[in-house]
1. Could you tell me whether any residue of the stretch 3-23 is open to solvent by less than 70 Å² (accessible area, probe 1.4 Å) and modelled with pLDDT under 85?
2. Return the pairs, sorted by first residue and then second, in which the second residue is of a type in the set (A, V, I, L, M, F, W, C), the first residue lies in the stretch 110-132 and is surrounded by 10 or more Cβ atoms within 10 Å (Cβ to Cβ), the beta carbons are less than 6 Å apart, and the residues are 6+ apart or on different chains.
3. Would you point out the residue of the stretch 67-98, among those that are polar (S, T, N, Q) and at pLDDT below 90, that is nearest to the chain's Cα centre (by Cα)?
Amino acid sequence: MDPLHTRHGMPESEAAAEARRLIDDWAGKPVRHHPTSFRDDTEPPAFGTTPPVKQEDHRIVPAWAAGIAVAAVGVGAGITGIGCGAWLVLQGLASVTLTGVLMVTLPFAGLAMAATAIGGAISKARSAVTKNIYEGPVTHHTEIHNNSTTRGAFFARTRNEIR
C-alpha cells in the first residue's frame, strides 16, 4: 500500500481551501509584542524619601546550592592553607643536617650536663660521713608471714603479702 497515492480524509480542493482559511485567520490577528526592557522616565523627587520599588527575585541558583558552593570554597581554601603549612614544615625537615641538629640540641645537652653536675654535688654534700662501731653481740631476727592468694582461672593473679 502506497501512502502517497492513497486517499485520506477530504479531497485535495477542500484541503487547499481549508489551509487558505487557516492561514488568513492567523494573518488577520494582531502580532503581540513582548517588551524585553522597561525604562521609567519619571523624575525622582528632588527631596525626601523615594518610595520603594518592588524588585522581582529571579535567582538562577537556589539558596541551598549557593550555600554548598560557599562552603566548598571555604573548605578548599582551608585545605590549601593546611597543605601550604605542611609543605613548609616538610621543606624545613628536608634541609636538616647533622650540624644543624647538633646546634639545636647543644643547649639542651649543656643544661642536662649542668643539672647532673649540680645534682651530684648536692648529693655528695648532703651525705653524712658517719662511722658506726659496734661492740658486743649482734643478733639478727627475721620473721616472715606470707599470705598468698590466687584469683582467676585463665589469667590467674597471685598476690603475696610479706610482713
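The values are calculated or read from the model by the stated rules, or taken from the named source; none is laboratory data. Being a predicted model, the structure only gives us computed values, none of them experimental. Quick reminder, even Gly has a Cβ in these numbers, built from the backbone with ideal geometry, and neighbours come from all protein chains shown. Quick note on the areas: whole protein, heavy atoms, side chains included, nothing else; ligands and nucleic acids left out. Shrake-Rupley method; radii C 1.70, N 1.55, O 1.52, S 1.80 Å.
1. Yes; the residues of the stretch 3-23 include at least one that is open to solvent by less than 70 Å² (accessible area, probe 1.4 Å) and modelled with pLDDT under 85.
2. Here the result reads none, with nothing in the stretch 110-132 linked to a residue that is of a type in the set (A, V, I, L, M, F, W, C).
3. The initial filter retains those residues of the stretch 67-98 that are polar (S, T, N, Q), namely 80, 91, 95, 97.
Still in the running and at pLDDT below 90: 91, 95, 97.
Working: 91: 23, 95: 29, 97: 34 Å.
By that ranking, first place goes to 91.
Residues are listed down the side, and each one gets a yes or a no for (1) modelled with pLDDT of 85 or more; (2) outside any helix (DSSP H, G or I); (3) not aromatic (Phe, Trp, Tyr):
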{"residue": "53", "(1), (2), (3)": "no, yes, yes"}
{"residue": "105", "(1), (2), (3)": "yes, no, yes"}
{"residue": "140", "(1), (2), (3)": "no, yes, yes"}
{"residue": "154", "(1), (2), (3)": "no, yes, no"}
{"residue": "160", "(1), (2), (3)": "no, yes, yes"}
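Yes or no, residue by residue, for (1) touching a residue at least 12 places away in the same chain (Cβ under 8 Å); (2) among the β-branched types (Val, Ile, Thr); (3) loosely packed, with under 10 Cβ neighbours inside 10 Å; (4) not in a loop (DSSP other than H, G, I, E, B):
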{"site": "40", "(1), (2), (3), (4)": "no, no, yes, no"}
{"site": "60", "(1), (2), (3), (4)": "no, yes, yes, no"}
{"site": "65", "(1), (2), (3), (4)": "no, no, no, yes"}
{"site": "69", "(1), (2), (3), (4)": "no, no, no, yes"}
